[in-house]
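The structure appears below as structure tokens.
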Amino acid sequence: MSKIAAHLQLTDSQRRIELARPWVLVGLYVVAALAGWWWVAVPLAVAVCLAAFVQMHDAMHNALGLSKAANERILVLSALLILKSGHAMQVTHLRHHGRCLSEDDPEGAPANWRFSRVLWQGPYHILTLRRESWKIAPHTRRKQLLETGYTVALLVAFVGLYGFTGSFVGLVYWGVAFFMSATMPIWASYIPHHLAAQNPAARAAAALAQIWTPVVASFAFHHVHHHYPRVPTALLPRAAAELPAPPEHDHHH
């Protein structure tokens, strides 16, 4: 594994790109929103959430090549962009890797449901995950509470921004982030675990992933990620091409 980690790690320039991506997108969102270009701003807000998800996910696995302290900060800040507690998400995600799609895998549960159930129960599942993270890792409760406080403070700031200036910039972003968070069981659990590599959609996604689209890579090479979790999301296409192919059946419903 040491050879894999040494070979498939971010260069300094790649790391700067991975760290900057969601924050550059935030800046672009703010510019577009302040200009009233909502047809541009809303898609940018979605892009922010997806980029933040990738960054948070890589931080969960310490795959960004950062110091422990820096990785902790990135975990907290990137999760805040999607209204999450980074440490709560990390708890259930690492459980998912350890007990993938078992009865004791709350994050992976939607992958075992019928799609209709994912649609109606998925938005409430985020509350289930928070409860489970609280039970699984009680030593992280203080961090989880603090990060929840940050999320509430952010919402209060957005409401205050509207109240004092009439600007919808914060509230629209919060609405988009809430939607992305509520639908996460669909796009981050159900779809990746039902999209086998032989599927035409997965092959198309894999082709797109070659042009540096980390979110697509996380779907197209999900089974690769499960086998090599320390490989950064952006380098999964390279890992899929160069490393021994992992079995898919362990990570697909």
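The values are calculated or read from the model by the stated rules, or taken from the named source; none is laboratory data. Worth saying up front: this structure is predicted, and the values here are computed from it rather than measured. All Cβ positions, glycine included, derive from the backbone under ideal geometry; neighbour counts span all protein chains shown.
Each residue in region 69-90 was checked for being surrounded by fewer than 18 Cβ atoms within 10 Å (Cβ to Cβ) and of a type in the set (Gly, Ala, Ser), and 2 pass.
Taking region 153-171 as the range and being touching a residue at least 60 places away in the same chain (Cβ under 8 Å), out of contact with any Phe, Trp or Tyr (no Cβ under 7 Å at 6 or more places or on another chain) and either hydroxyl-bearing (Ser, Thr, Tyr) or within 17 Å of Leu34 (Cβ to Cβ) (or both) as the test, the residues that pass are Ser167, Val169. May I ask you to list the residues in region 188-246 that are at pLDDT below 70, within 18 Å of Ala51 (Cα to Cα) and polar (S, T, N, Q)? Answer for region 188-246, where residues must be at pLDDT below 70, within 18 Å of Ala51 (Cα to Cα) and polar (S, T, N, Q): Gln210, Thr213. No other residue among Ala52, Ala32 is of a type outside the set (Phe, Trp, Tyr), in contact with a Leu (Cβ under 8 Å, 6 or more places away or on another chain), buried (at least 19 other Cβ atoms within 10 Å of the Cβ) and more than 17 Å from Leu77 (Cβ to Cβ) apart from Ala32.
In the set Val54, Val42, Val30, Val26, only one residue is among the β-branched types (Val, Ile, Thr), closer than 19 Å to Phe179 by Cα and at pLDDT below 95; that residue is Val54. Taking Ala88 as the residue in question, decide whether it is closer than 29 Å to Trp23 by Cα, assigned to a helix (DSSP H, G or I) and in contact with a Gly (Cβ under 8 Å, 6 or more places away or on another chain). It is false that Ala88 is closer than 29 Å to Trp23 by Cα, assigned to a helix (DSSP H, G or I) and in contact with a Gly (Cβ under 8 Å, 6 or more places away or on another chain).
Checking each residue in region 62-84 for being basic (Lys, Arg) and without any contact (Cβ under 8 Å) to a residue 40 or more places away in the chain picks out Lys68, Arg73. Scanning region 134-187 for residues that are at pLDDT 95 or above, under 25 Å from Pro43 (Cβ atoms), in contact with a helix residue (DSSP H, G or I) (Cβ under 8 Å, 6 or more places away or on another chain) and part of a loop (DSSP other than H, G, I, E, B) turns up Ser167, Phe168.
Within region 42-57, the set of residues being in contact with a Ser or Thr (Cβ under 6 Å, 6 or more places away or on another chain) and more than 15 Å from Leu236 (Cβ to Cβ) comprises Ala52, Met56. If you filter region 111-122 down to residues that are closer than 20 Å to His222 by Cβ and among the aromatic types (Phe, Trp, Tyr), you find that the one that is surrounded by the most Cβ atoms within 10 Å (Cβ to Cβ) is Trp113.
When each of His125, His93 is tested for being over 30 Å from Gly166 (Cα atoms), touching a residue at least 60 places away in the same chain (Cβ under 8 Å), buried (at least 18 other Cβ atoms within 10 Å of the Cβ) and not basic (Lys, Arg), the lone residue that passes is His125. Here Leu161 passes the criteria (1) crowded, with 19+ Cβ neighbours inside 10 Å; (2) farther than 28 Å from Leu94 by Cβ except the one numbered (1). State which residue is surrounded by the fewest Cβ atoms within 10 Å (Cβ to Cβ) when the search covers only region 96-105 and only residues that are in a loop (DSSP other than H, G, I, E, B), of a type outside the set (A, V, I, L, M) and modelled with pLDDT under 95. Once the filter is applied, the top-ranked residue is Glu103.
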